[in-house]
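Trainee: Before anything else, here's the structure in question.
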Amino acid sequence: MGVTLAELASRCQAEYRGDPHWVIERVATLEQAGPHDLGFVVGDKYRDLLDATAAGAVILHPRDAGRFRGNLLLSENPRLVFTRAASILHAAPPAVPGRHPTAVIDATADIAADAAIGPHAVIEAGARIGSGAVIGAGCVIGREASIGAGSRLHPHVTVTERCVIGARCILHPGAVIGSDGFGYAIDGARWEKTPQLGRVVIGDDVEIGANTTIDRGALGDTVIENGVKLDNLIQIAHNVVIGEDTAIAACVGIAGSTRIGKRCTIAGQAGVVGHIEIADDVHILGAAVVSHSIPQPGRYAGFPLEPYADWLRNAVRMRQLDEMAQRLRALEKKLKKLSEGGDYIE
Amino acid sequence: MGVTLAELASRCQAEYRGDPHWVIERVATLEQAGPHDLGFVVGDKYRDLLDATAAGAVILHPRDAGRFRGNLLLSENPRLVFTRAASILHAAPPAVPGRHPTAVIDATADIAADAAIGPHAVIEAGARIGSGAVIGAGCVIGREASIGAGSRLHPHVTVTERCVIGARCILHPGAVIGSDGFGYAIDGARWEKTPQLGRVVIGDDVEIGANTTIDRGALGDTVIENGVKLDNLIQIAHNVVIGEDTAIAACVGIAGSTRIGKRCTIAGQAGVVGHIEIADDVHILGAAVVSHSIPQPGRYAGFPLEPYADWLRNAVRMRQLDEMAQRLRALEKKLKKLSEGGDYIE
Amino acid sequence: MGVTLAELASRCQAEYRGDPHWVIERVATLEQAGPHDLGFVVGDKYRDLLDATAAGAVILHPRDAGRFRGNLLLSENPRLVFTRAASILHAAPPAVPGRHPTAVIDATADIAADAAIGPHAVIEAGARIGSGAVIGAGCVIGREASIGAGSRLHPHVTVTERCVIGARCILHPGAVIGSDGFGYAIDGARWEKTPQLGRVVIGDDVEIGANTTIDRGALGDTVIENGVKLDNLIQIAHNVVIGEDTAIAACVGIAGSTRIGKRCTIAGQAGVVGHIEIADDVHILGAAVVSHSIPQPGRYAGFPLEPYADWLRNAVRMRQLDEMAQRLRALEKKLKKLSEGGDYIE
């Protein structure tokens, strides 16, 4: 059940070179690829592998077309072609619609006939599960929560009451959507818990990583817009808004009420303080701490945060600090000698 | 089923101004509030909203009472009044006592008659569940563990054997209480696992965030005292002690055997090394690394850690490091010229 | 059912001094130890406790043997002896083999007769569970995944399809093995998900902490070699390789395709960027950011990363930055005066 080179090219919006009828069955690394495998090359260091590969076809940028004599898929964006080819050749088997007999489903839940509810899942009163949605083993969908059409929840996902997940979302194991925000009033030394009355509202085509947590809003909602991608072990606090197509890598924390723009990227372990605004098209380096609003697009790094180019220049000096301190001390001594009018001997 | 302004004031320990019989039904943002909603204002930027709001009543600090002509709840601590009003108006519906038929409950577990055990929960031998406690869907309560009266465990919480949770605690989805501490002896290059024989002992009125992990003690116990609030994705290692009413924000890690005092706050992504002591009333800035004991109360920041005021002064220089290095180099050149006795021309 | 001093010494590969027939029943802290308890001392600060302890025996380094008059276990590696003695005296009760009636086990799964499958566990088609393995309550073992002999999965662990866990591994609650890697191609502003086709392959004697996440490889596999120890809340991205006997503390993130050597240690909250190589026997300080390959063994710290000894010297200067900047400014003023030929008065 492979796909011919010509058809694959057409469906991936790539050009092809070679035998249009050659059948491709799967993707593989260049080292492991056989005659019906499609190999993928990225970066210079893999180019040497081209000579040795047994791959039935290879994806290349047109500028590299001369490097391989066999069948080719050619594209200005080889990674995109690889992604599409892999999606075609390795489509996940569709979930079998139905409700596992061990699932606990409230009679008032509204579940599409073609949805798949896994073993030990719990669907509470008034929840809605859209067409073709897959609710994995042990997931808990709270009261009046809503899961959009075609969304897939892997095992052990929790979606709490009234939260909304859009269409075609993917939630990985252990993700928690709608835990209470961390909000308290203080009465003397004691914290009094502020009820967290808002929701989490997630758009379409959002992916959320394993064990990532997104808190519900305090009064309004926490909002994750369409196309956002969140990696594993990320914390999104209450009332945060994340703009369309923003991607956030693992171990990032975003504090409460912060608004992040569209098409941003935030690299691993960065932190963003609360109550600030980040413009569209902002890119944050790993481990940076965003302590103030960022009104301008661009790349930023460090703590305190600064434009990336500045950070690069300053960061290299961190490793020279002790040397700088010693040179400063030496200068002070020399200058003291000079200013005392004494002879100065180096 | 609202509450009159006068009754709300009385129950929230606030003053009121306006119609004592006006019925308040819920809290809302000023923008969304209607005639039976209570609006809440914090900070200058929200004050403009007061003119436009349709809120039936508003909570204000007495100094701002002149800014709004309608019904008021007045308090020196508006946030506390909001918290209490929201708790009254939006009380969570009480869980229905009973044991879901899919729960797996050992015959030797001691479960209060009015506790609520959710679907697919597992209660092992000898565990105790107190009066009014709620054990969410899929929670696992280990052998001889104890959950205090009125505590609420959201779905997918794990409490391992012999751990103790006090009264009125709230544990959010995916929290893990009592995983093994990270303890090994080394035999050449190989790690040999040290049995983790202690417990986690959690006091009353503690809240623990989603996917937060607290390891059991190696020999003694890991202790979380009364009133502690822990946000999401926090790691508490074995034998840590956290003092009363301390609050810790998301993504913080506390290494083993460290003792943290009472009424401390630790902001997001901070780290605390093991085997140190932090005094009462210490406040740690986000992303700080606490590498030594802190015997004095106060605010601290940075890595290496320093008093907050010092950190502020030093941190601003981080963005000037390259400039400082260039100025240092220029000084060295100038001084060399001068000391060589040559004419110095700027 | 205790063990005599002589037998314990033999089984722990320690020397003993005192009554060979004295029965030891458990380990305890020196403060709490009674006449049949084995106490353990590490570090100077505990030595004072030796005079007061009622412990029936104590583990000491031979150099300290003179400090205690009672029964002794003596070893150059007291921690290893403690670990072994605790393992003998406090062996976890063996799980009772069998399948809990609420477990959902596919008919094609291959489960050893002496494995123990807990309540509400889910074992999918073609999965293999080895001899003596324990699958905790609510665990989900995906299609064709494999759990080696003697491995123990605590509650709520997810192992996704085709992933492999070796023998004698321990996985703590909420660990996720085999979530999708964070891989996308970009088409204009939109992210297109790259199928994650590889596996996670975990060796023997590996321990994985609570809520730690390990992503499956994109094409090849993510590999965790024998003897690796991972603490809680760690993120391991796709295609990472972690060498034998490496230990990683909590809250660390390792980005994609990075290779970490054997016998490394990485302390808490450190981050490692993607596509780099770290040599064997590298030790990374807490909160460090490894931004480049490390070809040489040794200790490293900071961000930017540097050898530990350099970092120590430089880090102390961080707290002097403002003072350095002021001294630099003062020097500039003095030198300007001097170079202008004017009188210089301090």
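All of the numbers you see were taken from the coordinates with simple rules; none came from a lab. These numbers were taken from a predicted model, which means no experiment stands behind them. Cβ coordinates were reconstructed from backbone atoms using ideal geometry, including for glycine residues, and neighbour counts include every protein chain displayed.
Trainee: In sequence order, what are the phi-derived ³J(HN,Hα) couplings for segment B:179-195 according to the Karplus relation 6.51 cos²θ - 1.76 cosθ + 1.60 with θ = phi - 60°, rounded to whole Hz, with x for glycine and proline?
Mentor: Couplings: 5, 5, x, 8, x, 9, 9, 10, 10, x, 9, 9, 8, 10, 5, 8, x Hz.
Trainee: Work the Kirkwood hydrodynamic radius out for segment C:176-220: mean of 1/r over every pair of different alpha-carbon atoms, inverted, in Å.
Mentor: About 12.0 Å for segment C:176-220.
Trainee: A follow-up question, please. Would you mind working out the magnitude of the charge dipole of the protein assembly as shown relative to its Cα centre, with +1 at each Lys and Arg C-beta and -1 at each Asp and Glu C-beta, to the nearest 20 Debye?
Mentor: Using Cβ point charges on Lys, Arg, Asp and Glu, the protein assembly as shown gives about 1460 debye.
Trainee: Can you sort B:ASP215, C:ASP19 so the residue with the fewest Cβ neighbours within 10 Å comes first?
Mentor: C:ASP19, B:ASP215
Trainee: Continuing with the same structure: Only helices at least 18 Å long along their axis, Cα-based, and averaging -1.0 or more on Kyte-Doolittle count here, so list those DSSP H runs from chain B.
Mentor: The qualifying helices are B:321-339.
Trainee: Sorted from largest down, what three extents in whole angstroms do the Cα atoms of segment C:225-324 have along their principal axes?
Mentor: 49, 26, 21
Trainee: Just want the answer: with Cβ charges of +1 for Lys and Arg and -1 for Asp and Glu, which residue in B:MET318, B:VAL58, B:THR265 is farthest toward the dipole's positive end in chain B?
Mentor: Result: B:MET318.
Trainee: Something else now. Order these by the 10 Å Cβ neighbour count, fewest first: A:CYS264, C:CYS139.
Mentor: A:CYS264, C:CYS139
Trainee: At B:ALA107, label 7 Å along Cα→Cβ: distances to the other copies, nm, ascending?
Mentor: Counterpart label points of B:ALA107 in the remaining copies fall at 3.3, 3.3 nm.
Trainee: A follow-up question, please. Once you average over the residues of A:223-232, how many Cβ atoms of partner chains fall within 10 Å of each Cβ?
Mentor: That works out to 4 on average.
Trainee: Counting pairwise Cα distances across segment A:217-267, what percent come out greater than 12 angstrom?
Mentor: Of all Cα-Cα pairs in segment A:217-267, 58 percent lie more than 12 Å apart.
Trainee: Moving to a separate point now. Tell me the Kirkwood radius of segment A:3-89: reciprocal of the mean inverse pair distance over distinct alpha-carbon atoms, in Å.
Mentor: 12.2 Å
Trainee: To continue, here is another question. Give the order of B:THR108, C:THR83 when sorted by the count of other beta carbons within 10 angstrom, beginning with the fewest.
Mentor: Ranked by crowding around the Cβ, least crowded first: B:THR108, C:THR83.
Trainee: Could you tell me, in Å, what Rg and Dmax come out for the Cα atoms of the protein assembly as shown?
Mentor: 30.8, 97
Trainee: Rounded to the nearest 5, what % of the DSSP beta bridges within the protein assembly as shown are antiparallel ones?
Mentor: About 15 percent, rounded to the nearest 5.
Trainee: In peptide C:70-82, how many Cβ atoms from other protein chains are near each Cβ within 10 Å, on average?
Mentor: Partner Cβ neighbours, averaged per residue: 2.
Trainee: How much net charge surrounds A:GLN235 when only the other residues with a Cβ under 11 Å from the Cβ of A:GLN235 are counted, with Lys and Arg +1 and Asp and Glu -1?
Mentor: -2
Trainee: Moving to a separate point now. Can you list the distances in nanometres, one decimal and ascending, from the A:SER131 label point to the identical position in each other copy, with the point 7 Å along Cα to Cβ?
Mentor: Label-point separations across copies, in nm and ascending: 5.3, 5.3.
Trainee: Additional query: Cα atoms only: what Rg and Dmax, in Å, come out for segment A:98-309?
Mentor: 17.7, 59
Trainee: Next up: Of the listed pairs A:LYS262/B:LYS229; B:LYS193/B:LYS262; B:LYS262/C:LYS229; B:LYS193/C:LYS262; B:LYS336/C:LYS337; A:LYS193/A:LYS262, which have alpha-carbon separations greater than 21 Å here?
Mentor: Going by Cα-Cα distance, A:LYS262/B:LYS229; B:LYS193/B:LYS262; B:LYS262/C:LYS229; A:LYS193/A:LYS262 fall outside the 21 Å limit.
Trainee: Which whole number gives the average, over all residues in A:177-183, of C-beta atoms from other chains lying within 10 Å of the residue C-beta?
Mentor: 6
Trainee: Another one. Sort the following peptides by mean Cβ neighbour count (other Cβ atoms within 10 Å, averaged over residues), highest first: B:142-150, A:203-211.
Mentor: Top of the packing list down: A:203-211, B:142-150.
Trainee: If the only charges are +1 at each Lys and Arg Cβ and -1 at each Asp and Glu Cβ, what is the size of the charge dipole of chain B around the Cα centre, to the nearest 20 debye?
Mentor: 560 debye
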